[in-house]
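Notes follow the structure.
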């Protein structure tokens, strides 16, 4: 009897190394805008049949290129109109269990370890400036936190998930000499 498990492993490995093609990027681009599209509608937009799109979406999920499907909630309509980015300076590396435990707070949307003048960068969305003050108090109660710098957002012009497209000319612009006048 053949060992199907080994075949699955081989198939999985080849899928992981397969680069995204134009159809994959089109499908991912459409899903990034509206993840609720049917396979038939995705097929119409990508120029493929619904079954072909279904197989591609399954593969994109299996390889981790689609990590999940979520609803994008509106912060102000959820009672959290106060958006801020908080730079955290800490002793040592910065990525401590105490700091990472802040992910349990629904106000903390993102936690990043960063290079530069801070160790960690938090994206937080609160009900008010007073709520942000309470979150900062929690940060300062952590033994490793030395300082914070908060950047309160006044207006948001673009907020989205990662996009499927790649702007190749961005890397090319780095290697081109500046235009002389």
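The values are calculated or read from the model by the stated rules, or taken from the named source; none is laboratory data. What you see is a predicted model, and the numbers here were worked out from it, not measured in a lab. Reconstructed Cβ throughout: ideal geometry from the backbone, glycine too, with neighbour counts over all protein chains shown.
This table checks each residue for (1) in contact (Cβ under 8 Å) with a residue 24 or more places away in the chain; (2) over 18 Å from the mean Cα position of the chain (by Cα); (3) surrounded by fewer than 17 Cβ atoms within 10 Å (Cβ to Cβ).
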residue	(1), (2), (3)
22	no, yes, yes
25	yes, no, yes
39	no, yes, no
48	yes, yes, no
61	no, no, yes
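Counting the residues of region 125-152 that are closer than 20 Å to residue 78 by Cβ, surrounded by fewer than 15 Cβ atoms within 10 Å (Cβ to Cβ) and touching a helix residue (DSSP H, G or I) at 6+ places or on another chain (Cβ under 9 Å) gives 1.
Scanning region 153-164 for residues that are surrounded by 11 or more Cβ atoms within 10 Å (Cβ to Cβ) and over 20 Å from residue 122 (Cβ atoms) returns 163, 164. Of all residues in region 45-65, which are farther than 15 Å from residue 19 by Cα and in a loop (DSSP other than H, G, I, E, B)? Correct list: 47, 48, 49. For region 18-34, residues that are in a loop (DSSP other than H, G, I, E, B) and within 17 Å of residue 62 (Cβ to Cβ) total 4. Of all residues in region 66-77, those that are touching a residue at least 12 places away in the same chain (Cβ under 8 Å) and over 30 Å from residue 23 (Cα atoms) total 1. Anything in region 69-80 that is assigned to a loop (DSSP other than H, G, I, E, B) and on the phi < 0 side of the Ramachandran plot? List them, or say none. If the condition is that a residue be assigned to a loop (DSSP other than H, G, I, E, B) and on the phi < 0 side of the Ramachandran plot, then 69, 70, 71, 72, 73, 74, 75, 80 are the ones that fit.
Reported count of residues in region 35-44, each being closer than 19 Å to residue 165 by Cβ and assigned to a helix (DSSP H, G or I), is 1.
If you go through region 79-94 and pick out every residue that is over 16 Å from residue 141 (Cα atoms) and modelled with pLDDT of 95 or more, you end up with 7.
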